Every structure is written in C-alpha cells, then in structure tokens.
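**Q** Would you mind keeping the following structure in view while I ask a few things?
The values are calculated or read from the model by the stated rules, or taken from the named source; none is laboratory data. Keep in mind that this is a model prediction, so the values were computed, not measured. Reconstructed Cβ throughout: ideal geometry from the backbone, glycine too, with neighbour counts over all protein chains shown. Just so you know, the surface numbers come from the protein's heavy atoms only, side chains and all, with ligands and any DNA or RNA stripped out. Shrake-Rupley method; radii C 1.70, N 1.55, O 1.52, S 1.80 Å.
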Amino acid sequence: MSDNTQIKVKDNGPYVVKGDVEMVDAEGNVFETRKTFSLCRCGHSSNKPFCDGSHKRVEFESEPRAE
C-alpha cells in the first residue's frame, strides 16, 4: 500500500477511500475500484459495498471522531 492511502469518515455519509488499495470480498475476489471510491456506512445502498448516496434519502446520522 502507498503511504498516501487514506480512509476518511464523512459526517452522515460514507467512508471515502483514497490511494492505492486492493479491496477483496470474503472469498478473496477482488473488487474493481478506482483511486478514490466511497463505501456505504448506512446499509441502504443498492450497490453495496459501495455508496450510492442512499444515506441522504434515509437521513443517516453518524459523526464519529477520533480520540
């Protein structure tokens, strides 16, 4: 992985992944991704594990902070 890899938690939204990362499922199959992609946190996306913006429709609320 690159030193520039970052996962950002968006308030009331998805995880935004930036950088050179390989994402695999439970069986070891590799998902096709770009250098920046968003992962669903609300559970309502019709394109899981990726975000499709459903968090806005369902008014998902979560604003975790690092301590």
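**Q** Quick one: accessible area per residue over the stretch 1-62, 1.4 Å probe, rounded to a whole number of Å²?
**A** For the stretch 1-62, the per-residue accessible area is 75 Å².
**Q** For the chain, what does -39500 (n - 2.57) per DSSP helix run (n ≥ 4), summed and divided by total residues, give at 222 nm, in deg cm²/dmol to the nearest 500? Show your work: numbers first, answer last.
**A** Numbers: 1 runs with 4 residues, N = 67.
It lands at -1000 deg cm²/dmol.
**Q** Figure the gain on full extension for Arg65 and Thr36 (residue separation times 0.36 nm, minus the Cα-Cα span) and round it to one decimal in nm.
**A** 8.3 nm
**Q** Quick check: at a probe of 1.4 Å, how many percent of the accessible area of the chain sits on carbon and sulfur atoms?
**A** Roughly 43 percent, rounded to a whole number.
**Q** Another question about this same structure. Which semi-axis lengths, in whole Å and largest first, follow from the square roots of five times the eigenvalues of the Cα gyration tensor of the chain? Don't skip to the end; give the middle numbers.
**A** Working: eigenvalues 89, 53, 18 Å².
Square roots of five times the eigenvalues give 21, 16, 10 Å.
**Q** Okay, next question. So if R0 is 22 Å, what FRET efficiency would Ser46 and Asp25 give, r being the distance between their Cβ atoms, rounded to the nearest 0.05?
**A** The pair Ser46/Asp25 has a calculated efficiency of 0.80.
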